[in-house]
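First up is the structure itself, then whatever we jot down about it.
Since every read-out is calculated from the coordinates, none of them should be taken as a lab result. These numbers were taken from a predicted model, which means no experiment stands behind them. Reconstructed Cβ throughout: ideal geometry from the backbone, glycine too, with neighbour counts over all protein chains shown.
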Amino acid sequence: MSEPVANVEATAAPAPKPKRPKPKSMIMIGEQTAALFENARLAKERGEKVGWSASIFPQEIAETLGLNVLYPENHAAGIAARHQADPFLQECEGALGYSNDLCAYAKLNLAYAAVLNGESEVELPDGGKMVKPDFLLLTNNICNQLTKWYENLARQLDIPVFFIDTCYNPFDYVTETRVRYVRAQIDQLIKDLCEFTGKTWDDERFKKIMEISQRNSYLWERANGLLDHKPAPIGGFELFNYMSAMVCNRGKESTTAIMEQLNAEMEESIKNGTSTFPVEQEYRVSWDGIACWPFLSHNLRTLKKYGINMVASSYGKAWAINYEDLDGMARAYCFASTNGDNLTTMLSRRLEALRQFDCDGTIYHVNRSCKVMDCQMMEVQRQLSELAGVPFTSFDGDQADYRNYSEAQFETRIQGLVEVMKQNKEAKNNG
Ligand code: SF4
């Protein structure tokens, strides 16, 4: 449905709505992100080795060694959200010869790397702040497309990959043999990384970083948990803005400061009974899958029209990783994301969230990039809806390739979901 067109002759144009001032926590996030890129640039200038890392790699290792590391997934998400993806997608599928079926983060990043490597002339919208890496850090706990993506990067740039294989987890827990398998790789990786970068491992520093990371995970989970209040103190999509702190800076004290500020701002809203969500919150839903970055504002506008606030998401919480030593690190990173979650784990985590946040429905983002996630999602939808008695809808999209989304489809799917949620509400109110 389109917005009504204003009759400019009959009515004066309404004054533009004053913009809500940025909360302090958001200003802090902006500063932290700028510092991450600037520090990597300066390190490179000093001749130090800079890495690129998968987003759920045990970041505390790099932090303990004092390495500067950047995150291609996070960077690609930013490019997609700013609608700057097209030249990279075209270059990747065209001159570089990759398949359209690849993960769109990979497509963006491989094309970006080609520019840094002097093999492509696509204009970099950020002037190349993602400096050329000297090594790669990789785990396959998210999905195996990352493995192939990083292997290609390594070949293209002629640099090493430091890899931890967590493999697919068929159980609801992590077996001890699996912990030993991953732990042995962590020990070897630390040795190899020290040798390659000339850095030294310090157990005391690791302990400190681990404590910071624990605190940050706790504060992040806490902020997510505060959305169980009614009304929720913020619009759930706003939490996506803070993910870079957890993805790129989990082991840093600057993240602790941001998370404390965010929690304080949310608590203040709860105390005052206010919310940054701009309309009355009629419905509460959970969101499954990665955010659809190129169309986040369209998603939000559509949901807002019906008073739907997204109060629970399985996505952001993947970065709340808790452990207390290197064995714990092995266990936690095996169980952190899609390849670590079998169907029963996915179901129980989602069922718990639907109940905690008292959700009226679920929206599934069938993300063309994330094939593994999508396959599991079909069965999760069916079983979870039965278990929780909560309706769902799904829509086709992509976290970074804008070509895989239809505004009309999203709108009609949400309309359908609202009809069912409305009926359920009325039935509940009528006893
Ligand atoms: S989980 Fe999805 S977005 Fe992430 S690397 Fe895999 S395919 Fe790409």
Of the listed pairs LYS44/LYS132; LYS24/LYS207; LYS44/LYS208, which have alpha-carbon separations greater than 19 Å here?
-> LYS24/LYS207; LYS44/LYS208
Taking 0.36 nm per intervening residue step and subtracting the Cα-Cα distance, what contour gain separates HIS298 from ARG205 on full extension?
-> 29.1 nm
Dipole magnitude (debye, nearest 20) for the chain, charges at Cβ of Lys, Arg, Asp, Glu | 660 debye
Sites GLN415 and ARG382 - FRET efficiency at Förster radius 25 Å, r taken between beta-carbons, to 0.05 = 0.70
Can you give the net charge of the other residues whose Cβ lies under 13 Å from the Cβ of GLU38, counting K and R as +1 and D and E as -1?
-> +1
State whether the chain is rounded, prolate or oblate according to the following rule on the C-alpha gyration tensor (a ≥ b ≥ c being the square roots of its eigenvalues): a/c under 1.5 gives rounded; otherwise a/b larger than b/c gives prolate, and the remaining case gives oblate.
-> prolate
For the chain, what's the relative contact order in percent, using C-alpha pairs closer than 8 Å and at least 6 residues apart?
-> 19 percent
Proximal lysines relative to LYS305, as straight alpha-carbon distance under 21 Å, when same-chain residues fewer than 8 apart are discounted | LYS17, LYS19, LYS230, LYS422, LYS425
Toward the positive end of the charge dipole of the chain, about the Cα centre and with charges on Cβ (Lys, Arg +1; Asp, Glu -1), which of LEU347, THR412, GLY47 goes farthest?
-> THR412
Taking neighbour counts of Cβ atoms within 10 Å as a proxy for exposure, in what order, fewest first, do TRP220, TRP319 appear?
-> TRP319, TRP220
